[in-house]
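See below for the structure under consideration.
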Amino acid sequence: QVQLLESGGGSVQAGGSLRLSCKFSGITASTYYIGWFRQPPGKEREGVAVLYTAGGSTTYYADSVKGRFAISQDTNTNTLYLHMNSLKPEDTAVYYCAADWSQQCLSRTSGPAVLARLEEDNYWGQGTQVTVSS
């Protein structure tokens, strides 16, 4: 059974920082892509960041978080992280992690393409709430 468990969300003032964690288990594939999504109140879910392979480990960030967020993975603990700095009220959302190891995902070579596949068909965690106040 594949399981992804997000944690680390909470309330923070604008300009503050949070580190989200996604502990995943049950993935038997040798290669997989993992990423973060978020869903602001009243809006659609959107891709935030993804960690994938394109001739090596590669990261991609949405323009809205570029330079402020950092995605990383601890392979020893099977944990995906999203370190968020300089948080803004518009970052308020439920944050989800996702994973996919299908060929439709692994064959893609750009961050947006991988995120699109993850959104289409993947495994999801239950989400963790991040609230940023002004």
Next on the checklist: On the basis of being out of contact with any Gly (no Cβ under 7 Å at 6 or more places or on another chain), open to solvent by 70 Å² or more (accessible area, probe 1.4 Å) and more than 20 Å from GLU6 (Cα to Cα), does LYS66 make the cut?
Outcome noted: yes
Checklist entry - Residues in segment 96-105: is at least one closer than 19 Å to GLY10 by Cβ and either open to solvent by 20 Å² or more (accessible area, probe 1.4 Å) or under 11 Å from the mean Cα position of the chain (by Cα) (or both)? => result yes
Item to check | Restricting segment 77-95 to residues that are open to solvent by less than 30 Å² (accessible area, probe 1.4 Å) and among the polar types (S, T, N, Q), the residue that is farthest from THR128 (Cα to Cα) | outcome: THR79
Checklist outcome for this item: Listed by range, strands (runs of 3 or more DSSP E) wholly within segment 1-105 having at least 2 residues that are of a type in the set (A, V, I, L, M) and in contact with a strand residue (DSSP E or B) (Cβ under 9 Å, 6 or more places away or on another chain) are 3-7, 18-25, 46-53, 69-74, 79-84, 93-100
Checklist entry - With ARG45, ARG19 as the choices, which residue is closer than 19 Å to ASP121 by Cβ, under 12 Å from the mean Cα position of the chain (by Cα), of a type outside the set (S, T, N, Q) and open to solvent by 10 Å² or more (accessible area, probe 1.4 Å)? => result ARG45
Checklist outcome for this item: Going through (1) open to solvent by 30 Å² or more (accessible area, probe 1.4 Å); (2) farther than 14 Å from THR92 by Cβ; (3) not polar (S, T, N, Q) one by one, PHE37 fails only at (1)
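The values are calculated or read from the model by the stated rules, or taken from the named source; none is laboratory data. Everything numeric here is computed off the predicted structure, so don't read it as measured data. Note that each Cβ is placed from the backbone with ideal geometry, even for glycine, and that neighbours are counted across all protein chains shown. Heads up: the accessible areas ignore ligands, DNA and RNA and are worked out on the full protein's heavy atoms, side chains in. Shrake-Rupley method; radii C 1.70, N 1.55, O 1.52, S 1.80 Å.
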